[in-house]
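Participant: What follows is a single structure, and I will ask about it in a moment.
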Amino acid sequence: MATAKRSRHSRWTIAGRAATAILLGYVFANSAGLLLALALPVDRITGVLTGTIASFLLWGAAIMWAFSVTKTRTALLGLSSSITLCAGGAYGLYLLGGTA
Amino acid sequence: MNGAFRQSMTWLHTWSGIVVVWLLYFMFVTGTIGYFDDEVDRWMKPEQGPSAQMPIEAGLEAAQTRLEDIAAGADRWFIYPTIKRSNPHLSTFWQMPTVEGEDVVRGDEELDPTTAQPFTPAARDTGGGQVLYRMHYLLHYLPGRSGYYIMAIVTMFMFVGLMTGVVAHKKIFKDFFTFRWARGQRSWLDLHNLASVATLPFQFMITYSGLLFTLALFWMPFVVLGGYGFDIKRISALAIEFQGQQAERSGDAVPLVRLATLAQQIEADWGPNQIAFVRVEYPGDANARVTFQRETTGRTSAESVLFDGASGERLTKPAGGLDFDANPAFGFAGVMFSLHEGQFADTVLRWVYFLSGLLGTIMIGTGAIYWVEKRRPRRAGDPTKWSFRAVERANVAVIAGLIGAVGVYLWANRLLPVGLAERADWEVHCMFLAWLAFFAHAALRRAPVAWIEQCTAVGLIFLAVPIVNGLTTSAHLGNSIAAGDWVLAGVDLTAIATGLIALGIAHAMRARRSRLDAIDVPALDGGDAQPQLGG
């Protein structure tokens, strides 16, 4: 199966997909974890730790998803927009919450 | 689950696994041995007798007397009484005040409680089981924290490998009950599945908690920074939020209260043998603080009691500190850490940990072998790429050779001269030199032959461990079994078991090879591309 994939995709495609999955997945895990940290109805330190604990799961899920779609562009767009949403949401909550 | 999704996950599983598989294997071998780090420590210090229980008051009095002699004016002392498996002897640690521009002076000792002096003769200089245990997250020979970072990334690959592995094997539980013996490639996959499914919860626990261990260092900076509005000052102050306001050195000398007296109060509350360690901040200062930490029972955040070190008065906890026990997130992380380390595990559970780690090791090893077997050229005359041969041979040296190198590490502990300078370092050098020799051997031999020869070598090395031990020390099986010293005997007996298993594997490989030769299928005998190694 891997051989079949290899013949269909160039090294660059795979490198591009891996970079998208790992790097954007990492930024996504950070921003979604941050959103969680600010959105959870708990004190800040608990929220931050919960967000961090969950972020590894989110990173793994993001990597899996990014490899499951047919086009790297889909992965790129999907992750970028999720990052924007999470980071935007977190910033909104930060503004609403006043001092962190 | 549709087919395309599973296919892409199978692909991801294969590649996330194979990219880091040798480091993962190294991590699992050394980490699994790490569950018996203290037992290996004990074996590697044959001069020391078995753990001797002693009254806590006597131990603390001895340790305090010694520390007042050699580490007066320290910033902190730690005293570990002999209640724990990991602390067979009364031991101390101290750290002197930091002087600008100089290395911090610190030290540690194991004490004979009757003399309040270090043991004589001193134990040989050895890294013990701790060195192997530390390798599983730090590697070795790497500067600073680089090994830690590498292993953290490897752990993330492992986590992705686990998640995708569950998806990749759609009939995971059906596969669990399928084992096709001696079918070459297929058998390796079955064994890989068997080892994975049998210990899947353990593998998830150990990997996820492994990731959490890296939290403090570097993983998800934006969650922490952003959680506090990117306010660095606020984040620097977090330590106080965690621990509460700490006492500071006053500069006025007041003798430290006798710790043994405080211990009596503690034992009246907690019962006997509950004190994991005693921490003293600024001993001999008017603002000295003494903390008694209770033995953990499955949580990292165990109970502690604070005293004023000058007056001996019991204090309430520092104001503003976080109540770790009551906090659900810290509770979860704490449970994960403590599950990972298994410090609470008694003998039976410790063996369960060890065997789970072993199955994890088998899962990783068979995964690497399966990867090679699957890519083996099918027909005679198919060219084998140099890269295929390199991976195939490196597999031998990593999977079999590393085990042999660990055996050589045990040999080195017994055979290196006791007075050798930097002896502990040389034990480790011997281990890695031996591993290098296994690599050289694998490079020179065809892979199927290398497998058989290296497994045989591993078997002989481990079978000889008790013999080398018996020839060089009195801590041999004859004495240890007679004395019922099962910690000491356990290491020798495990070495024998390891040796027998390795020889068994070598024998099975040899038998399969001669069977294939007897069938004489030319199509399968493609020079270097010798076919599947069974069982």
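Participant: Distance in nm between label sites at residue B:142 and residue B:474, each 7 Å beyond Cα in the beta-carbon direction?
Facilitator: In this crude label model, residue B:142 to residue B:474 measures out at 4.4 nm.
Participant: To continue, here is another question. Amide H of residue B:124: which non-local residues (sequence gap of 5 or more, or other chain) have their own amide H closer than 5 Å, using H built in the peptide plane?
Facilitator: Under 5 Å from the amide H of residue B:124: B:47.
Participant: Could you state the angle between the C-alpha long axis of helix B:486-519 and the longest principal axis of the C-alpha atoms of chain B, as a value from 0 to 90 degrees rounded to the nearest 10?
Facilitator: 10
Participant: Straight distance only, please: which aspartates and glutamates reach the Cα of residue B:84 with their own Cα at less than 15 Å, same-chain residues fewer than 8 apart left out?
Facilitator: By straight Cα distance, residue B:84 reaches B:37, B:38, B:39, B:41, B:110, B:295, B:341, B:346.
Participant: Now for a different question. At 0.36 nm per residue, and after removing the present C-alpha to C-alpha distance, how many nm does the segment from residue B:198 to residue B:355 gain when stretched out fully?
Facilitator: Computed gain between residue B:198 and residue B:355 is 55.4 nm.
Participant: Could you tell me whether segment B:323-431 comes out rounded, prolate or oblate from its Cα gyration tensor? Rule is a ≥ b ≥ c as square roots of the eigenvalues, rounded for a/c under 1.5, then prolate if a/b exceeds b/c, otherwise oblate.
Facilitator: Oblate is the answer for segment B:323-431, as a/c is 1.5 or above yet b/c matches or exceeds a/b.
Participant: Which angle between 0 and 90 degrees, to the nearest 10, do you get for helix B:128-138 versus the longest principal axis of chain B when only C-alpha atoms count?
Facilitator: Long axis of B:128-138 versus the principal axis of chain B: about 70 degrees.
Participant: Calculate the spin-label point distance for residue B:249 paired with residue B:517, positioning each point 7 Å from the Cα along the beta-carbon direction, and give it in nanometres.
Facilitator: Distance between label points: 7.3 nm.
Participant: Under 5 Å between amide hydrogens, which residues at least 5 positions from residue B:112 or on another chain qualify, with H placed 1.01 Å from N in the peptide plane?
Facilitator: B:117, B:119
Participant: Same structure, new question: State the volume of the convex hull built on the alpha-carbon positions of the protein assembly as shown, expressed per residue in Å³ and rounded to an integer.
Facilitator: Cα convex hull per residue, to the nearest whole number: 185 Å³.
Participant: Extension gain residue B:390-residue B:467, at 0.36 nm per residue separation less the Cα-Cα distance, in nm?
Facilitator: Gain in length upon complete extension: 24.2 nm.
Participant: Between residue B:313 and residue A:43, with labels modelled 7 Å along Cα→Cβ, what's the label distance in nm to one decimal, could you check?
Facilitator: 2.6
Participant: Could you work out how much longer the chain between residue B:47 and residue B:445 gets when fully extended? Use 0.36 nm per residue separation minus the Cα distance between them, nm to one decimal.
Facilitator: 139.2 nm
Participant: For an R0 of 51 angstrom, estimate the FRET efficiency from the Cβ-Cβ distance between residue B:265 and residue A:91 and round to the nearest 0.05.
Facilitator: Between residue B:265 and residue A:91 the formula returns 0.45.
Participant: Still on this structure, I have one more. Need the C-alpha centroid separation for segment B:249-287 versus segment B:1-50, integer Å.
Facilitator: The two parts, judged by their Cα centres, are 41 Å apart.
Participant: Okay, moving on. Calculate for the protein assembly as shown the 222 nm mean residue ellipticity that helices alone would give, adding -39,500 (n - 2.57) per DSSP H run of length 4 or more and normalising by residue count, nearest 500 deg cm²/dmol.
Facilitator: -20500 deg cm²/dmol
Just so you know, all these numbers are worked out from the coordinates, no wet-lab data involved. Fair warning: this is a prediction, and the values are worked out from it, not measured in the lab. Cβ sites come from the backbone with ideal geometry, for glycine too, and all protein chains shown count toward neighbours.
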